[in-house]
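Accompanying notes for the structure given below.
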Amino acid sequence: MTATSKSSDLPPPNEEKYRPPFNPLEGCCWPDPDPSPPTEEEGASTRGGTSTTNELHLNDVSRMSSTPVEGIFFPRTEHDVLGILERARNSRKQVSIRGTQHSMGGHSLVQNGFVIDSKYLNCIRYDSSTQLVTVQAGCSWADVIQCLNQYQKSPKVLQSYCTFSVGGTLSVNAHGISSDETLASCVRAFRLARYDERGQVQMITCTRPNDHTAELRLEEELFGLALGGYGLFGVITECTLEVVDNCNLTLDSLSKLSVVAEGGKGMSEFERIWEACRKDSSVEIKLARLNILSLESASLYIFRRGDNENSSQTTSSNLPLQPKKLSLVGRLLYKWALPVLKEYRQYTEDVTGQALDMPPHSFETTRNDVLWESAVPLSKIYSPLVLVEDTFVLQEFFVPCGAFQDWIRQARPIYQEIDAYQRLGTEAVKPQSLILLNTTIRFVEQDKHTFLSYARSVHGCYAFVLYYRIKLLDQVERDLGRFHNRFADVAVGLGGTFYLPYRKCYNDELLQKAYPMLKEFGEKKDKTIGVFSNEWFNRYVRPHCSESNAFSVLPTATGTNVRVSQPGVMSREEFMAWLPRQDSPTLERRTNSYRALLRDKTLRKRFEEEFLVNVFNLVDPSETMRVMSKAAWDPQNQTDLHIFEVLHGHFHGQSPSSPLAALEQGWRGVRQLSHQKAELTHETAAILHRLGLFGRIRSYLSVGDHGKMVRS
């Protein structure tokens, strides 16, 4: 759905008159997640806002940022984005932007404002002549990998998981495992929807500065402000990225590497090997896991191009349709059993050379295979028996390269206190209410591209990423914040920083020490009108802005014309005349669809692994494919109808072969009905929830149920 309002006289860069498309659902916003009244805890967490049953509340992946918003919009084009921004300006609403909601501190939320969800900005174009890929902000990195894999290419910089959105990664300037650089290092340009100094909406193409010593042009300055700028300077709609070859890799797994040098002098064993990996051009991917029990050793996973002839060649990976996930058994063990048995988990990982929360990688693999991993199982609680009110939280600290061992020594007592907190609890908190699951070690080279840079050390910095499971309790979150600030004090004291996209638990003094440019960041934000905002900005940056930046005193834009919407719905007579007739020569009659599907490798795979699993899951998908193939090869079946009759006769003309088969078939039917009921309930509740604001339903149409729910 798109939302549009009044249009501006200002044309976009292509000089064509900007005319947002007519939208018959203008003004609608659909609840997400389910439109249930917020609890008292949720109401208390909305920055003092009051809660009513008519308020739409949104959250992020932490489930601790419930915020009432005015509406959520799903643009599909840049024109849609501009229309939403015009509507926000004219209705004096603030705007935030979200991707997959994996920031955890209100960065994608603004109280009582508009939220732009980018999921339908999902086009990708690869240019083989320049070896650059242009990606819209709503694409997931999985989409990018799938596209590039066809050309034997791979993203240059990518996080540990590929299910995040590209726009979200740009807004936090994430770093990852496929390179020691931040994402900004591989961004050539991006398009930004913003307001000019007159308050008019515009699209601008931001480019990387060629000369950092010269005075920056507007588009060059915005390049550094919008990347890692948390959506405060505009909406990034698409970007152009550098790519690298997809190649064959070999895994080397190194365990029990000492992280502290003997006698405290010189580099540790871990540092020496890591430094060798940095200098080795054959190393494509590397990451490490710290032993959180002793903080004396770490495991290092190195994916490198081998010495044989095949290793230097580009390749296309045989990727499954969906990114790899931690298995249900793995989730059960990793999130329930093994957190209590940390010693056993550490011993298992040391012996097997495989982290238990990572999908198993074979000795020989490819670059895209390693990156083809989903974050979903690690961001959600797996509750096989009981419902639990737990969530997962990340913290990240950056320490200059030369201070690695100092951070280990000073952080050890904090790790010990966290372990005691987990085992014993406190007077107010039960044991196992806060569990540190792991600590990952990465490396980030100096970032010279973004204004609000977290990696400023000239020789690069180590990144320590802590992954917690906690109870959804205020006291637990306060205690987690206390641990964060102790780690942050250590990092900042050593000349490092901490990552900002996570929970808002730090005070202004600590933030100012880590990011001394924050005041100037606020001053540059001050030069823009106050439409773009979020809850993190309101807490930490707005105090550095002047009163004139407050949206309450924003002047109305000049030169704005009111666009009068024209009816966009056909009359009954027009609709009946438009419908194609049975004898119409323009009516497409498919007679070879089954055979065409079976011949197309991609369609066949998607049909079997997606449609027959997620949509039509009443029978075994492999059996369906066998019967379909058999019918398609029989020349007696000349049309699709003949093949369908064979399928129908096979599944409806015979009884299950055994009681077990009958039970399985019945279970599939019950599960399918359950999924359909849940989806229909959600859609109906979403409509009814907003009836008080949008009027009464005049007609209702349900597609796909043979007309059982169609009423004139």
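Read-outs throughout are calculated quantities, based only on the coordinates presented, and are distinct from any laboratory measurement. Owing to the predicted nature of the structure, the values given are computational and were not obtained by experimental measurement. Because the Cβ atoms are built from the backbone with ideal geometry, glycine has one as well, and the counts that use them run over all protein chains shown.
Just order 435-441, 288-294 by mean Cβ neighbour count inside 10 Å, highest at the front, would you? Please report the intermediate quantities before stating the final value.
Values: 435-441: 20.6, 288-294: 19.0.
So the peptides 435-441, 288-294, ranked by packing, come out 435-441, 288-294.
Would you calculate the volume per residue, in Å³, of the smallest convex hull containing every Cα atom of the stretch 201-306? Let's see the in-between values first.
Numbers: hull volume 21.2 nm³, N = 106.
So the per-residue hull volume is 200 Å³.
Dividing the Cα convex hull volume of the stretch 78-162 by residue count, how many Å³ per residue is that?
On the way: hull volume 9.0 nm³, N = 85.
Taking the convex hull of the Cα positions in the stretch 78-162, it is 105 Å³ per residue.
Would you please state the base-10 log of I(q)/I(0) at q = 0.21, 0.33, 0.34 1/Å for the stretch 605-650, with intensities from the Debye formula using one equal scatterer on every alpha carbon?
-0.70, -1.14, -1.16
Starting with the highest mean, order 193-205, 122-134, 161-173 by the number of other Cβ atoms within 10 Å, averaged over the residues of each peptide.
Numbers: 193-205: 18.7, 122-134: 14.0, 161-173: 25.2.
Going by the mean number of other Cβ atoms within 10 Å, highest first, we get 161-173, 193-205, 122-134.
Give me the Å³ per residue figure for the convex hull around the C-alpha atoms of the stretch 389-512.
Details: hull volume 12.8 nm³, N = 124.
Spread over its residues, the Cα hull of the stretch 389-512 gives 103 Å³ apiece.
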